[in-house]
1. Restricted to the range 120-144, and to residues that are without any contact (Cβ under 8 Å) to a residue 40 or more places away in the chain and of a type in the set (Val, Ile, Thr), which residue is nearest to Ala34 (Cα to Cα)?
2. Restricting to the range 216-240, and then to whatever is of a type outside the set (Asp, Glu) and touching a helix residue (DSSP H, G or I) at 6+ places or on another chain (Cβ under 7 Å), can you tell me which residue is modelled with the lowest pLDDT?
3. Please list, ordered by residue number, the helices (runs of 4 or more DSSP H) wholly in the range 127-182 having 1 or more residues that are open to solvent by 70 Å² or more (accessible area, probe 1.4 Å) and either in contact with a strand residue (DSSP E or B) (Cβ under 7 Å, 6 or more places away or on another chain) or acidic (Asp, Glu) (or both).
4. Identify, by number, the condition in (1) open to solvent by 30 Å² or more (accessible area, probe 1.4 Å); (2) in contact with an Asp or Glu (Cβ under 9 Å, 6 or more places away or on another chain) that Gly15 doesn't meet.
5. Limited to the range 37-65, what total is found for residues that are open to solvent by less than 70 Å² (accessible area, probe 1.4 Å), outside any loop (DSSP other than H, G, I, E, B) and either within 26 Å of Val196 (Cβ to Cβ) or touching a residue at least 12 places away in the same chain (Cβ under 8 Å) (or both)?
6. Does the range 76-97 hold any residues that are touching a residue at least 12 places away in the same chain (Cβ under 8 Å) and part of a helix (DSSP H, G or I), and which are they?
7. Does Ile190 fit the bill of being under 25 Å from Ser102 (Cβ atoms), assigned to a helix (DSSP H, G or I) and open to solvent by less than 30 Å² (accessible area, probe 1.4 Å)?
8. Any residue at all in the range 77-99 that's closer than 16 Å to Phe35 by Cβ, open to solvent by 30 Å² or more (accessible area, probe 1.4 Å) and at pLDDT 90 or above?
Amino acid sequence: MTDLTTGLWGLLFQGVWVTIQLTVLGAALGAFVAFVVGVARTNRLWIVRFLSGLYMEIFRGTSALVLMFWVFFVLPVAFGWQLVPMWAAVLSLGLTYGAYGSEIVRGALASVPPAQREAGIALNFTPWQRLRKIVLPQAWPGMIPPANNLLIELLKGTALVSVLGVGDIAFGASLVRNALGDSAPVYTIILVMYFVIAFVLTRGMRALERQAKANLGQAPERSRLFGKGRPAAATSTGGK
């Protein structure tokens, strides 16, 4: 293998680190946006619900790719400052997937029985205390499975950033393919790369889900390589 070929494959593997960075940073921004907008959509004030719902509809209904172009090419013209491609990609991914995530947060919060909130009112808790001490701990386990799916979609969505010249896996694969003129091994390798990253993220999210359920006193599920597995048998307290 020549030095040129070795360097090209090294560029592809460097793209793995860039993809992981994009996924982590985009997920962090998306989680923040999802929480703020999701909570706002349950607010008693109609104007807060309207504005948060408007945000969700706009960013959920637009293309993440077009939003990247808009952030990278239009913002400098409109406001006179330029984001580097990496941060333009993170901002676009975070805002887009945060809009999807806000529905996960809203639905999980709405699933908590009203009696739980009423108990917080009876204890003279403030709205923030009710959210933090009563509602969120019960809603959190229900958010994790759909959030896991959204995280994997975000990982795969990072491939869009190659159009901005960000050196992720897809960008590196394009360079290697153009240099070697051979598509099959290159794209087979990046398929495996995406799968491995997605698998690791999924296992981590399932461990987080088991911990969240254990904190609520729910029996943890048996760990399996694929799938959720079967619930653990309940502990006998007497009788059959």
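1. Our first condition is that a residue be without any contact (Cβ under 8 Å) to a residue 40 or more places away in the chain; within the range 120-144, this holds for 120-130, 132-136, 139, 142-143.
Adding the requirement that they be of a type in the set (Val, Ile, Thr) leaves 121, 126, 134-135.
Values: Ile121: 26, Thr126: 22, Ile134: 19, Val135: 16 Å.
The extreme case among them is Val135.
2. Residues of the range 216-240 of a type outside the set (Asp, Glu): 216-220, 222-240.
Filter once more, so that each one left must be touching a helix residue (DSSP H, G or I) at 6+ places or on another chain (Cβ under 7 Å): 216, 220.
Numbers: Leu216: 76, Pro220: 57.
Per the stated criteria, the residue is Pro220.
3. In the range 127-182, 136-157 are the helices (runs of 4 or more DSSP H) which contain 1 or more residues that are open to solvent by 70 Å² or more (accessible area, probe 1.4 Å) and either in contact with a strand residue (DSSP E or B) (Cβ under 7 Å, 6 or more places away or on another chain) or acidic (Asp, Glu) (or both).
4. (1)
5. 11
6. Pro85, Met86, Ala88, Ala89, Val90, Leu91, Ser92, Leu93, Gly94, Leu95, Thr96, Tyr97
7. Spelling it out, it is not the case that Ile190 is under 25 Å from Ser102 (Cβ atoms), assigned to a helix (DSSP H, G or I) and open to solvent by less than 30 Å² (accessible area, probe 1.4 Å).
8. Scanning the range 77-99, I find at least one residue that is closer than 16 Å to Phe35 by Cβ, open to solvent by 30 Å² or more (accessible area, probe 1.4 Å) and at pLDDT 90 or above, so the answer is yes.
The values are calculated or read from the model by the stated rules, or taken from the named source; none is laboratory data. Please read all numbers here as calculations on a predicted model, not as lab measurements. Using ideal geometry, Cβ is built from the backbone for each residue, glycine included, and neighbour counts are taken over all protein chains shown. What goes into the accessible areas is simple: the full protein's heavy atoms, side chains included, and nothing from ligands, DNA or RNA. Shrake-Rupley method; radii C 1.70, N 1.55, O 1.52, S 1.80 Å.
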